[in-house]
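A short worksheet on the structure shown next.
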Amino acid sequence: MSFLIIFTFEAEAQKKKKPSKAEVYYTNGHEQINQGHHADAIPFLEKAIKADPTGNCGTNTKGKAHNDLGYAYYRSGDTIRAMQFYNEALRLN
């Protein structure tokens, strides 16, 4: 019975964990992409990568932020920068 109580308490503590800067920046950038504001997403995703160079940013996928940044650059018309970040996402993943 005590194991269940401790496990439940620890699970609740994990749910309430404050998100990291990388997670906050990534979430903001991802929201901009979802709204079709690709150019506005770029600074958020760049800050997310700066805070978490693996590009995980709370997604449990290395390079996820790099991939999304590549997409934002692509949709903004900068295919060269897009390819740089797509390639980095592949390298990390």
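Only one entry in Thr79, Thr54 is over 14 Å from Lys21 (Cα atoms) and of a type in the set (Val, Ile, Thr), namely Thr79. Scanning segment 29-54 for residues that are part of a helix (DSSP H, G or I) and polar (S, T, N, Q) yields a count of 2.
Selection of segment 34-63 for residues being in contact with a helix residue (DSSP H, G or I) (Cβ under 8 Å, 6 or more places away or on another chain) and small (Gly, Ala, Ser) yields Ala39, Ala41, Ala48, Ala51, Gly55, Gly58, Gly63.
Filtered by the rule that a residue be buried (at least 16 other Cβ atoms within 10 Å of the Cβ) and part of a helix (DSSP H, G or I), segment 76-93 gives Arg81, Ala82, Phe85, Tyr86, Glu88, Ala89, Leu92.
Check whether at least one residue in segment 59-68 is touching a His at 6+ places or on another chain (Cβ under 8 Å), in a helix (DSSP H, G or I), free of Cβ contacts under 8 Å to residues at least 60 places away in the same chain and not β-branched (Val, Ile, Thr), and report yes or no.
Looking only at segment 59-68, we keep the residues that are touching a His at 6+ places or on another chain (Cβ under 8 Å), and these are 68.
Filter again for in a helix (DSSP H, G or I), leaving 68.
Retained after the next criterion (residues that are free of Cβ contacts under 8 Å to residues at least 60 places away in the same chain): 68.
Restricting the remaining residues to those that are not β-branched (Val, Ile, Thr) gives 68.
Within segment 59-68, one or more residues are touching a His at 6+ places or on another chain (Cβ under 8 Å), in a helix (DSSP H, G or I), free of Cβ contacts under 8 Å to residues at least 60 places away in the same chain and not β-branched (Val, Ile, Thr).
No value in this document is a laboratory result; all are computed from the given coordinates. These numbers were taken from a predicted model, which means no experiment stands behind them. FYI the Cβ positions are ideal-geometry reconstructions off the backbone, even for glycines, and counts take in every protein chain you see.
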